[in-house]
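Some notes on the structure that comes next.
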Amino acid sequence: MSVGFVMLVHTALDRAAQVARHLAASGCPVVIHADRKVPRAEFEPFARGLADVPGIAFAGRRHRCEWGMWGIVGATLDACGDLLTAHPGLRHVYLCSGSCLPLRPLPELQAYLAARPETDFIESVTIDDVVWTKGGFDHDRFALRFPVSFRKRRRLFDAVTRAQKRLGMARPLPEGIAPHLGSQWWCLSRTTLEAILRDPRRRELDRFFRSVWIPDESYFQTLVRVHGRRVESRSLTLSKFDHFGRPHSFYDDHLQLLRRSDCFFARKIWPRADRLYASFLSNDPKVTKNAEPNPGKIDRLFSHATDRRVQGRPGLIMQSRFPARRLDAPRTAAAYSVFSGFAETLPGFETWLGRATGLRVHGHLFAPARAEFAGGARIWNGCLPDSAALRDYNPEAFLANLVWATRGERQCFMFGPADAQEVMRFVAGDPNAQVSIVAGAWALALFAREQAGELTGGALRKEAARLQKVELAHLALMRSGWVKARVRAWSLAEFLEAPMENLAPILDEIAPRAPRRPTEAPVLAPLDGFGAFLQRLRNDGMNLHLPGDFPVGHAPTPPGDARPRPYLVR
Amino acid sequence: MTAPEDIPGPLTRAAEAYRMRWKRRRLLTRAWRKRGELTPVTPWRPVPRGAVLCLATVRNEAVRLPFWIAHHRRLGVDRFVIVDNGSDDGTREMLAAEPDVALWQTRASYRAARFGVDWLGWLARRHAAGHWALTLDADELLIYPHWEERPLAALTAELDCRGQPALGALMVELYPRGRLSEQPYRPGDDPVQALPFFDAGPYRARRQRPARNLWVQGGPRDRLFFGNDPRRAPTLNKLPLVRWRGTTAYLNSCHSLLPPRLNLAWEGPGDPRLSGALLHTKFLNTIVERSADATHRREHFGDPARFGAYHDALAADPVLWHEGATRYEGWRQLEHLGLMSSGGWT
């Protein structure tokens, strides 16, 4: 008889009884403490059912256990006293709850503990190092008083703690005490536990811990540092907590995972997990492996799940951080590029860019008539239709959906002042966006239309004024202080001075390890007479300044050398 | 993927809250007045504490119901509370023979009862208060993370533990490979076998005031039938599973609830909190015939005349499938696509 159990129960009494019977049948005495809040109608049949089982006893005094209050510690202390008195041969006491389940045959636990007779298994971390406390209380747990229930009277609890902090109330720690925290579920050696129970200062310490917050996570964890000789700072009970500090439940489908963890106990088990109870409540030596507990795999699985719950996934924002969306967080799933004015300056730019980068490059996705997907597709990845009405109904969702549905393939699309502008506020605040603007390039498109005789006179001037106004607003937006997108902007004249030089860094960002560099330069739009065209617009009274200065008799300079710039190899 | 919510000032918010309070009272009263339209077919037997109830209004669903009942029974629904709205295809007899179905019948107008919401509201208030109530249509199959292994009781216990008062779900509209009428289906079969495809996107969501309800649209119907009038496209978010209280009321089908804070339980696809999905089996071969049926047309939608074109399009037996369609593989796939979330419930 090497280990005895103290079991704290408050719900699912039938499961607790099942586990207690198993423990007792395996030769481990059990003292059960049932919360005083358990109604008599439930407690009595439970107690009657276990009354005649040898090895099971009930704690002499029932405490009222309020979460985070002293009751749980008081109950544990009393029950431990009962257990140690009744069974003088015990070497270890294991604290478990009614929803704990042994994962390995109990003889293994007995052997494991018998080989480590003076060791205390209790997670005990000094408060200077603890990072997992929820609610920001670590030192304050000990310095303040917590007379009110956190669960039931949250507002009063907050008010009382706030008031104490404001008044600078802090009580001194009892002498010789270094606060430690850790899991509530432990296994202590008889020597240590008796030293704690018979401590001459126990009255003083108990009085102090009565007003510590959540003393069940600190009372034994702190005192074991005073009395224990060999502390193994880990719990033999596997339990996982979410980011609110609530325990995860284990279900039938966790069977294999739990089995492979090689932990001795797990908490907490869903009461209706029949398969778990049926499989683990046996001392079948066939599952014996005598391995060290190894909860690593379970740890990874659960922390991954918690991360995703807390952080979500980039690009899948929807409303989740809504309405107070974090401004600096990526709004889309992956990087994408917006080209404004390039298609006008360099006809066939989409094809050229596609060839240079190996990507499918869209036309004007936000064109008034329809979303011009690459290759004239009517429907794109993610079942995205090209309907302008659907797109403009919620353009942010359109773009975010596009980038989400094509994760792994960078999206590039053309943009311009003739397109639907609404989406650009979203783009500007998105660190995933790369925005390149050749301002005033729309004038080239107008020039071509004038040459073709489509647009002349007053209508032409009006359209030019409209586009310039829209583009000015666009530029102003992209130059705002809060912009997170990577923005490059040139005036048309500036850009034309060295088109390839200007394009190179953009291409490097899009495809840093592109297999081939562009061997041919993109074709430049015809510029004969463009200067004169601009001058005509100015003569008509328009304040045309975005395209920059073009001499009236401007002759185009051929675009620069198409070969890549020489790079230094480091 | 959202339009930001314009948050009004505190006075407006208080006024809205007050309006919604009265709206909820009106809805509850309305449900109470409609109680006379319901005639019990089977006697009501009390359900144990912690039971999960499933509520539905059905009309001529003899084809879908066998699988529907089997699926939700497997999930662990303890009692089906069903209103039969004048079926003439044996639906009523079939339901009355099921041991766990509590059946009511009515011949009154489905539309006048706010598409059955009033009837179910009354039954929920009488029988589901204090329980988790799952309100569904006969063409919706609820799934949620780990549904194959963990019964509804585990899910509701987890939601209770998290203090989440309702479970949000996206309606995933399933469709066949070819024309709608060409896909055979026998009662009792898994409709997912007959309708294996769905649209993995795009879905757009926004919040509406004053009920602060979510409004998610998208999917195949949005793409095919409402491309020119997106405002009318069907709403795809639901809150089917709710911890019901005597004061809860569905506002607009199962899409939104009152009091308004219940609507905040889900933020649409991409919300990292625990959510589910409703597999929508509307497009079984019966839809074509049904869309041509004048009674059916009259009884659905707020303004049936405006949806004439939509019904015509469905009656014309279209192909919803396209090359970008995704084959349904299970809840993990939906989670991977961001359409639902296990919310750290592993």
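Counting only cysteine Cβ atoms and a cutoff under 4.7 Å, chain A contains unmatched residues A:Cys28, A:Cys65, A:Cys80, A:Cys187, A:Cys263, A:Cys383, A:Cys412.
Taking every DSSP beta bridge that has both ends in the protein assembly as shown, the antiparallel portion is near 40%. Relative contact order of chain A, taken over Cα pairs closer than 8 Å and 6 or more residues apart, is 11 percent. Figure legend: label point modelled 7 angstrom from the Cα of A:Glu497 along Cα→Cβ; no residues of the stretch A:342-360 have amide N under 16 Å from it. Projecting label points 7 angstrom from Cα along Cα→Cβ for A:Glu204 and A:Arg407 puts them 5.9 nm apart. Between B:Arg298 and A:Ala369, the C-beta separation translates, for a Förster distance of 25 Å, into a calculated FRET efficiency of about 0.10. Here the gap between A:Ala504 and A:Ser480, fully extended at 0.36 nm per residue and compared with their Cα-Cα distance, gives a gain of 6.1 nm. A 1.4 Å probe run over the stretch B:10-336, with the rest of the protein chains in place, finds 40 Å² accessible per residue. Taking every residue in B:118-128 and counting other chain Cβ atoms within 10 Å of its Cβ, the average works out to 0. Considering only protein heavy atoms, what per residue accessible area in square angstrom results for the stretch A:336-539 with a 1.4 angstrom probe? Result: 38 Å² of accessible area for each residue. What percentage of the solvent-accessible surface of the stretch A:3-311, computed with a 1.4 Å probe over protein heavy atoms, is contributed by carbon and sulfur atoms? Roughly 51 percent, rounded to a whole number. Taking 7 Å steps out from each Cα toward its Cβ at A:Arg355 and A:Glu422 produces label points 3.8 nm apart.
Counting only alpha carbon atoms, the long axis of helix A:71-86 and the longest principal axis of chain A meet at about 40°. Per residue of B:205-212, other chain Cβ atoms within 10 Å of the residue Cβ number 2 on average. Length gained on full extension, A:Arg230 to A:His304, computed as 0.36 nm times the residue gap minus the Cα-Cα distance: 23.3 nm. One chain, two ends: B:Gln193 and B:Arg209. Fully extended at 0.36 nm per residue, the span grows by 1.8 nm beyond their Cα-Cα distance. Among the residues of A:374-384, the average count of other protein chain beta-carbon atoms within 10 Å of the residue beta-carbon is 4. Annotation: per residue accessible area for the stretch A:50-205 equals 46 Å², rounded to a whole number [probe 1.4 Å, protein chains only]. The relative contact order of the stretch B:10-336, computed from alpha carbon pairs under 8 Å that lie at least 6 residues apart in sequence, is 22 percent. On the basis of the beta-carbon distance and an R0 of 25 Å, B:Ala15 and B:Thr247 show a calculated FRET efficiency of 0.80.
Taking other residues whose beta carbon is less than 13 angstrom from the beta carbon of B:Val83, and scoring Lys, Arg as +1 and Asp, Glu as -1, yields +2.
Paramagnetic label reach from A:Ala291 (point 7 Å along Cα→Cβ; backbone nitrogen cut-off under 17 Å): within the stretch A:253-279, residues A:254-266. Interface area, chains B and A: about 4000 Å² of buried accessible surface, summed, with a 1.4 Å probe and ligands, DNA and RNA left out.
Starting from the Cα of B:Glu289, step 7 Å along the direction of its Cβ; do the same at A:Ala452; then give the gap between the two resulting points in nm. According to this spin-label approximation, the distance is 5.4 nm.
Please tell me the relative contact order of the stretch A:336-539 in percent, rounded to the nearest whole number, where contacts are Cα pairs under 8 Å and at least six residues apart. Walk me through the numbers on the way to the answer.
Numbers: 273 pairs, mean separation 60.7, N = 204.
Value for the stretch A:336-539: 30 percent.
Computed in the context of the full set of protein chains, the accessible area of the stretch B:10-336 at 1.4 Å probe radius has 49% of its extent on carbon or sulfur.
Efficiency by 1/(1 + (r/R0)^6): what FRET value for B:Arg261 and B:Ala316, r their Cβ-Cβ distance, R0 = 41 Å, to the nearest 0.05? Can you show the working numbers first?
Values: r = 43 Å, r/R0 = 1.05.
It comes to 0.45.
Place a point 7 Å from the Cα of A:Arg313 along the Cα-to-Cβ direction; which residues of the stretch B:187-202 have their backbone N under 18 Å from it? Answer for this model: B:198-202.
The values are calculated or read from the model by the stated rules, or taken from the named source; none is laboratory data. Keep in mind the model is a prediction, meaning the values are calculated, not measured. Neighbour counts run over all protein chains shown; Cβ positions are idealised from the backbone, glycine included. When the accessible area is computed, the model is the full protein with side chains, heavy atoms only, and any ligands, DNA or RNA have been set aside. Shrake-Rupley method; radii C 1.70, N 1.55, O 1.52, S 1.80 Å.
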